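The values are calculated or read from the model by the stated rules, or taken from the named source; none is laboratory data. Note that the structure is a prediction, hence the values are computed from the model and not measured. Virtual Cβ from ideal backbone geometry, glycine too; neighbours counted across all protein chains shown.
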Number of protein chains: 2
Amino acid sequence: MNELQKYTSLIDVELGKIGLPSSPEKLYDPLRYFLQIGGKRIRPMLTLLSSELFDSSADKALPQALCIEVFHNFTLIHDDIMDEAPLRRNQQTIHEKWNRDVAILSGDVLMIKAYQLLGNIDSKLLPEAFALFNKTAIEVCEGQQMDMDFEERSDVSIDEYIEMIRLKTSVLLGCALEIGAIVAESSKEDREAIYDFGQHIGIAFQIQDDILDLYADPDKFGKQVGGDVIANKKTMLYLTALKGATKEQLEVMKQLQGEQNLVLKVDSTRRLFDQLNVRSICEERMQEHYDIAMTSFAKVNVDASKKQTLIGLAAFLMNREL
Amino acid sequence: MNELQKYTSLIDVELGKIGLPSSPEKLYDPLRYFLQIGGKRIRPMLTLLSSELFDSSADKALPQALCIEVFHNFTLIHDDIMDEAPLRRNQQTIHEKWNRDVAILSGDVLMIKAYQLLGNIDSKLLPEAFALFNKTAIEVCEGQQMDMDFEERSDVSIDEYIEMIRLKTSVLLGCALEIGAIVAESSKEDREAIYDFGQHIGIAFQIQDDILDLYADPDKFGKQVGGDVIANKKTMLYLTALKGATKEQLEVMKQLQGEQNLVLKVDSTRRLFDQLNVRSICEERMQEHYDIAMTSFAKVNVDASKKQTLIGLAAFLMNREL
């Protein structure tokens, strides 16, 4: 995916030029710091690639691509407060490096900044882009609230869980793509199709993320295998196991939650999940959404040759060989 | 100001109909609760009156009036977290009644809701309204940050203080009026003039607020006289005293900050401020901004007879007889 590096670099450079004032320092220094922590910049890349797919230029969609990335960073800043996360990409989070109030307020101003970037668009396209972005932003907040609610519930269904990840993370991928399509003035049908492509790739990606936590190759996986298990997170794997477990297995799951020997905890959980066929049930669900994504993308009315970059990006996200 | 009651009632009713979903409950219940706590609804009233001033209807500007009020409530929810305020209008604040995370996230979604309301406008007017609102929203955050910064500084100048209140509270009054003027498709000159009217009335109002803390008639004042003094707040009175004080008086001011007898603290502070002529210096500054406001309003190119309601509202805000 080396050809995508140029987009990441472009976005990194442009994020440094979105015009954050120097003062008040405590409002803007944290944002400069946070935006340069980096990331794969997948979301803004989707906007640029979508704009190009529909025969517009990446440049024309650049403010909207930055809008999506800036909004995403706003959600990270506030989510980090709520999760009390000390680190983000191995760097201190804003509430940790400064304090809670700085993280709240600089997050707020970053969200407004996202809107300001969005507004840098042909004025006839603004109403549509604005409506889509508002709807998406509200859904992302709803997803975050559902995620927090689930921590306190023991009766979360798999459908509810998928609805939560759809709102919390996947709609923003759909929105990123559709905004690129809006800038490129594509048809309503194409816009809907590419939105669905993004949304379902997002869901598939999140399910994969849950699977990889326990089943990734430790040599290739960037983080500790079993992190979700150790943290007793209600992931897709856990909920699937919960649904299929016998009374005895439920008892074992309950005991494992309190297990202090972490290696034993992770290994025993994996063994139990294997007995319950959890991995393949989740992979099936992931495949379903991947297939919907691809079917939606096939409906987009542009030459197949132009679609290769986005198909490649989807495959890259899903850890697949083409 | 009984004729303004109908606007307050209209806004109260319409705020109940902005379409907050029932779920997630923890996201939307706090907002329904907070929006019905009430208030004078001055900001949305300004939008409606401005729209009518320029021969448009109040109804047409209703979504934008609600946008301003909803945005104002978002700032209150997040400010209350930062100030660790337990009460707002004698009702529990959201972070107190629910918790910090609920207050952060429901505040976030309320800000997005403000944008959604803003968007309910003739699409040709959206770019201007959007740009003004974005600029204002950013300034309000900057003002809040300056306010927090000032708490930790001992060298705040009076000009800096006025810039802080301009950003934190006054620009939103200007914006409320100008958005009404945008909806009514008034001229650029009229829009600028009415914005300045709102902005300077806002500054005068805030200075008055500081003066009243210590010099209000206790029988008519809604809250404890001297509250700012007791809390050692750096108000306009305090900064003016600081500027004029001799070395000995500075020493007295410093001692009074730690005074445990609160009646003595307030009375001694008032006596010291009186020696320094603090009240009239501040009143002069307040009058300056009131005069700029009125001069700006005089420039608005509509019949004097139509201006009476807004002039009346300004006089009401400034506790003045007409």
Counting only residues that are crowded, with 17+ Cβ neighbours inside 10 Å and of a type in the set (D, E), which one in region B:144-174 is nearest to the other protein chains (Cβ to nearest Cβ)? B:D149
Of the residues B:K40, B:K26, B:K6, which single one is surrounded by fewer than 23 Cβ atoms within 10 Å (Cβ to Cβ), at pLDDT below 95 and closer than 26 Å to A:D108 by Cβ? B:K40
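Name the residue, out of B:L212, B:L177, that is surrounded by fewer than 19 Cβ atoms within 10 Å (Cβ to Cβ) and either in a helix (DSSP H, G or I) or in contact with a Ser or Thr (Cβ under 9 Å, 6 or more places away or on another chain) (or both).
Values: B:L177 fails: surrounded by fewer than 19 Cβ atoms within 10 Å (Cβ to Cβ).
Only one candidate qualifies: B:L212.
This table checks each residue for (1) modelled with pLDDT of 95 or more; (2) of a type in the set (A, V, I, L, M).
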position: A:N73; (1), (2): yes, no
position: A:N90; (1), (2): no, no
position: A:T93; (1), (2): yes, no
position: A:N99; (1), (2): yes, no
position: A:L105; (1), (2): yes, yes
position: A:L110; (1), (2): yes, yes
Six or more apart or on different chains, Cβ atoms under 7 Å: show the pairs whose first residue is in region B:154-173 and touching a residue at least 24 places away in the same chain (Cβ under 8 Å) and whose second is in a helix (DSSP H, G or I) and among the hydroxyl-bearing types (S, T, Y). B:I158/B:T240; B:V171/B:T136; B:L172/B:T136
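Taking the condition of a type outside the set (D, E, K, R), closer than 20 Å to A:I162 by Cβ and in contact (Cβ under 8 Å) with a residue 60 or more places away in the chain, does A:T309 pass?
Details: of a type outside the set (D, E, K, R): yes; closer than 20 Å to A:I162 by Cβ: no; in contact (Cβ under 8 Å) with a residue 60 or more places away in the chain: yes.
Answer is no for this residue.
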Spans of helices (runs of 4 or more DSSP H) in region A:1-113 with at least 2 residues closer than 24 Å to A:D303 by Cα: A:2-15, A:42-53, A:62-83
Do we find a residue being free of Cβ contacts under 8 Å to residues at least 24 places away in the same chain and of a type in the set (G, A, S) anywhere in region B:121-139? yes
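From the list B:K135, B:K168, which residue is of a type in the set (K, R) and either touching a Ser or Thr at 6+ places or on another chain (Cβ under 8 Å) or more than 28 Å from B:T240 (Cβ to Cβ) (or both)? I'd like the intermediate steps shown before the answer.
Working: B:K168 fails: either touching a Ser or Thr at 6+ places or on another chain (Cβ under 8 Å) or more than 28 Å from B:T240 (Cβ to Cβ) (or both).
Checking each option against the conditions leaves just B:K135.
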Those residues of region A:144-158 which are within 20 Å of B:L27 (Cα to Cα), modelled with pLDDT of 95 or more and assigned to a helix (DSSP H, G or I), in sequence order: A:Q144, A:Q145, A:M146, A:D147, A:M148, A:D149, A:F150
Report the residue count in region A:68-113 for those that are charged (D, E, K, R), within 13 Å of chain B (Cβ to nearest Cβ) and surrounded by fewer than 23 Cβ atoms within 10 Å (Cβ to Cβ). 6
Looking at this structure, is B:S280 loosely packed, with under 14 Cβ neighbours inside 10 Å, assigned to a helix (DSSP H, G or I) and without any contact (Cβ under 8 Å) to a residue 24 or more places away in the chain? yes
Here is a list of conditions, (1) assigned to a helix (DSSP H, G or I); (2) closer than 18 Å to A:A216 by Cα, and A:K233 meets all of them except one; can you say which number that is? (1)
Could you please let me know if B:V183 is within 14 Å of another protein chain (Cβ to nearest Cβ), among the aliphatic types (A, V, I, L, M) and in contact with a helix residue (DSSP H, G or I) (Cβ under 6 Å, 6 or more places away or on another chain)? no
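Just the residues that are in a helix (DSSP H, G or I), more than 7 Å from chain B (Cβ to nearest Cβ) and not β-branched (V, I, T), please, taken from region A:114-143. Quick ask: steps written out before the conclusion?
Of the residues in region A:114-143, the ones in a helix (DSSP H, G or I) are A:114-118, A:126-143.
Checking which are more than 7 Å from chain B (Cβ to nearest Cβ) leaves us with A:114, A:117-118, A:128-129, A:132-133, A:135-136, A:139-140, A:143.
Residues satisfying the conditions are A:A114, A:L117, A:L118, A:E128, A:A129, A:L132, A:F133, A:K135, A:E139, A:G143.
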